[in-house]
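**Q** First the structure, then my questions, so here it is.
The values are calculated or read from the model by the stated rules, or taken from the named source; none is laboratory data. Note that the structure is predicted; figures quoted are calculated from it, not measured. Cβ sites come from the backbone with ideal geometry, for glycine too, and all protein chains shown count toward neighbours. Side chains included, ligands, DNA and RNA excluded: accessible areas come from the protein's heavy atoms. Shrake-Rupley method; radii C 1.70, N 1.55, O 1.52, S 1.80 Å.
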Amino acid sequence: MKGPLFYSKILLFGEYGIIKDSKGLSIPYNYYNGALKITAEPTDESVKSNASLRAFAAHLKQMQAENPELVTFNMQTLERDIENGMYFDSSIPQGYGVGSSGALVAAIYDQYANDKVTVLENLTREKLLQLKAIFGKMESFFHGTSSGLDPLNSYLSLPILINSKDNVEPTGIPSQKEEGKGGVFLIDSEMVGETAPMVNIFMDNLKNEGFRSMMKSQFTKYTDAAVENFLKGDFKTLYSNTKELSKIALSHFKPMIPEKFHGVWQQGIESNDYYLKLCGSGGGGYILGFAPDFEKAKEALKDYKLELVYKF
């Protein structure tokens, strides 16, 4: 058995903000992917993954017992496949903010959900919200709480525009320019980040009036503007809004930025060679970068591992 491939994702804009109804923009990242497989020759990795799937299947069993109207699964087949050694064969790094659990959730739903919501024909807003709710409940096994966006992105393999919590839609993004100088890139922090503790810090911060007001007046304003700039291909204005978001992250999200990157972060803001953002919940994993001239940014960041994601 070998199931279809599901891809990783990158949330370009909206990290943490989407919890508070800012806009967001998530794009598939085809560099990494995963698929469900059954093998006759288990490895340490596949045995570990199989044990994780066993625990996940127990979560799904409980979930469908509590919410049968939301989704049910063919548990008999799922449990039989797990008994036969099924695992998730994935190149998506875990704890890196690129949706490793999202791809797994999408793969399991695709293979085992009863009355699956199909997306090939007329993708309505109702279908999207239904899928998002199902995926949020499924993925909560991995993160405690989940918006369901990562699995949605992986399942659809389309860029998703988040207008608000209850308003998401597939969107088109400007096509990449091979000859373009500007780029979006990832920096490998070489540390694994954990989502739940980072989200807890954010939720604690929200109890503070000043932080709430900053989220509303600054973070949401610049995030919404940056999403609009990106979708319209207005990259000049995009850089100035991304610079503001980079400053906000350094001032207000410092615990989510690995300490060894505080100086590099500041350097980008001062030099205008690049602007860094959190990729996912932060705390490690990847850091997202925007550069008006990618070659210049690469030179400035030559001590780090960079991956180009998108050219413009």
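**Q** As an exercise: evaluate residue 128 against (1) assigned to a loop (DSSP other than H, G, I, E, B); (2) modelled with pLDDT under 95; (3) buried (at least 16 other Cβ atoms within 10 Å of the Cβ) and give the number of the one condition it does not meet.
**A** Unmet condition: (1).
**Q** Would segment 117-134 turn up any residue that is more than 18 Å from residue 58 (Cβ to Cβ) and touching a Gly at 6+ places or on another chain (Cβ under 7 Å)?
**A** There is at least one residue in segment 117-134 that is more than 18 Å from residue 58 (Cβ to Cβ) and touching a Gly at 6+ places or on another chain (Cβ under 7 Å).
**Q** Please pick out the residue among 109, 87 that is within 19 Å of the chain's Cα centre (by Cα) and under 23 Å from residue 144 (Cα atoms). Outline the logic, then answer.
**A** Numbers: 87 fails: within 19 Å of the chain's Cα centre (by Cα).
Of 109, 87, the one residue that is within 19 Å of the chain's Cα centre (by Cα) and under 23 Å from residue 144 (Cα atoms) is 109.
**Q** Take the conditions open to solvent by 40 Å² or more (accessible area, probe 1.4 Å), in contact (Cβ under 8 Å) with a residue 24 or more places away in the chain and either outside any helix (DSSP H, G or I) or among the hydroxyl-bearing types (Ser, Thr, Tyr) (or both) and apply them to residue 222. Does it pass? Walk me through how you get there before you give the answer.
**A** Working: open to solvent by 40 Å² or more (accessible area, probe 1.4 Å): yes; in contact (Cβ under 8 Å) with a residue 24 or more places away in the chain: yes; either outside any helix (DSSP H, G or I) or among the hydroxyl-bearing types (Ser, Thr, Tyr) (or both): yes.
Spelling it out, residue 222 is indeed open to solvent by 40 Å² or more (accessible area, probe 1.4 Å), in contact (Cβ under 8 Å) with a residue 24 or more places away in the chain and either outside any helix (DSSP H, G or I) or among the hydroxyl-bearing types (Ser, Thr, Tyr) (or both).
**Q** Looking at (1) farther than 14 Å from residue 282 by Cβ; (2) in contact with a Phe, Trp or Tyr (Cβ under 6 Å, 6 or more places away or on another chain), which is the only condition residue 171 fails?
**A** Among (1) farther than 14 Å from residue 282 by Cβ; (2) in contact with a Phe, Trp or Tyr (Cβ under 6 Å, 6 or more places away or on another chain), the lone unmet condition for residue 171 is (2).
**Q** Could you tell me which residue of segment 133-160 is most open to solvent (accessible area, probe 1.4 Å), considering only residues that are over 13 Å from residue 199 (Cβ atoms) and among the polar types (S, T, N, Q)?
**A** Taking the candidates together, the pick is 157.
**Q** Does residue 302 fit the bill of being farther than 24 Å from residue 16 by Cα, part of a loop (DSSP other than H, G, I, E, B) and free of Cβ contacts under 8 Å to residues at least 24 places away in the same chain?
**A** yes
**Q** Which of (1) out of contact with any Phe, Trp or Tyr (no Cβ under 7 Å at 6 or more places or on another chain); (2) in contact (Cβ under 8 Å) with a residue 40 or more places away in the chain does residue 66 not meet, given it meets every other one?
**A** (2)
**Q** OK, next. Suppose the filter is closer than 20 Å to residue 34 by Cα, open to solvent by 30 Å² or more (accessible area, probe 1.4 Å), of a type in the set (Phe, Trp, Tyr) and in contact with a helix residue (DSSP H, G or I) (Cβ under 6 Å, 6 or more places away or on another chain); does residue 112 pass it? Break it down stepwise before answering.
**A** Working: closer than 20 Å to residue 34 by Cα: yes; open to solvent by 30 Å² or more (accessible area, probe 1.4 Å): no; of a type in the set (Phe, Trp, Tyr): yes; in contact with a helix residue (DSSP H, G or I) (Cβ under 6 Å, 6 or more places away or on another chain): yes.
No, not satisfied.
**Q** Which residues, taken from segment 264-293, are hydroxyl-bearing (Ser, Thr, Tyr), at pLDDT 95 or above and under 15 Å from residue 189 (Cα atoms)?
**A** Taking segment 264-293 as the starting set, the residues that turn out to be hydroxyl-bearing (Ser, Thr, Tyr) are 271, 274-275, 281, 286.
After this cut, where a residue has to be at pLDDT 95 or above as well, the list is 271, 274-275, 286.
286, the sole residue that qualifies.
**Q** Moving on to the next point. Name the single residue, out of those in segment 69-89 being free of Cβ contacts under 8 Å to residues at least 40 places away in the same chain and assigned to a helix (DSSP H, G or I), that is surrounded by the most Cβ atoms within 10 Å (Cβ to Cβ). Working first, answer last.
**A** Start the filter on segment 69-89 by keeping residues that are free of Cβ contacts under 8 Å to residues at least 40 places away in the same chain, which leaves 69, 75-80, 82-83.
Pick out the ones that are also assigned to a helix (DSSP H, G or I) and you get 75-80, 82-83.
On the way: 75: 15, 76: 9, 77: 11, 78: 21, 79: 18, 80: 11, 82: 17, 83: 10.
Checked segment 69-89; the qualifying residue surrounded by the most Cβ atoms within 10 Å (Cβ to Cβ) is 78.
**Q** So, in segment 188-202, exactly how many residues are among the β-branched types (Val, Ile, Thr), open to solvent by 40 Å² or more (accessible area, probe 1.4 Å) and not in a loop (DSSP other than H, G, I, E, B)? So that I can check it myself, show each step before the final result.
**A** Going residue by residue through segment 188-202, those that are among the β-branched types (Val, Ile, Thr) are 192, 195, 199, 201.
Of the ones still in play, those that are also open to solvent by 40 Å² or more (accessible area, probe 1.4 Å) are 192, 195, 201.
Now drop any that are not not in a loop (DSSP other than H, G, I, E, B), which leaves 195, 201.
So the answer is 2.
**Q** Still on this structure, I have one more. Select from segment 23-49 the residues that are among the hydrophobic types (A, V, I, L, M, F, W, C) and within 19 Å of residue 78 (Cβ to Cβ) and write down the one among them that is most open to solvent (accessible area, probe 1.4 Å).
**A** First, pick out the residues of segment 23-49 that are among the hydrophobic types (A, V, I, L, M, F, W, C): 25, 27, 35-36, 38, 40, 47.
After this cut, where a residue has to be within 19 Å of residue 78 (Cβ to Cβ) as well, the list is 35-36, 38, 47.
Working: 35: 1, 36: 2, 38: 52, 47: 85 Å².
Top of the filtered list is 47.
**Q** Can you tell me which residue among 233, 268 is touching a Pro at 6+ places or on another chain (Cβ under 7 Å) and in contact (Cβ under 8 Å) with a residue 24 or more places away in the chain?
**A** Working: 268 fails: touching a Pro at 6+ places or on another chain (Cβ under 7 Å).
Only one candidate qualifies: 233.
**Q** Turning to a different aspect of this structure: Just to be sure before I move on: is residue 92 buried (at least 22 other Cβ atoms within 10 Å of the Cβ), β-branched (Val, Ile, Thr) and outside any loop (DSSP other than H, G, I, E, B) in the structure I sent? Before the answer, list the steps.
**A** Working: buried (at least 22 other Cβ atoms within 10 Å of the Cβ): yes; β-branched (Val, Ile, Thr): yes; outside any loop (DSSP other than H, G, I, E, B): no.
Answer is no for this residue.
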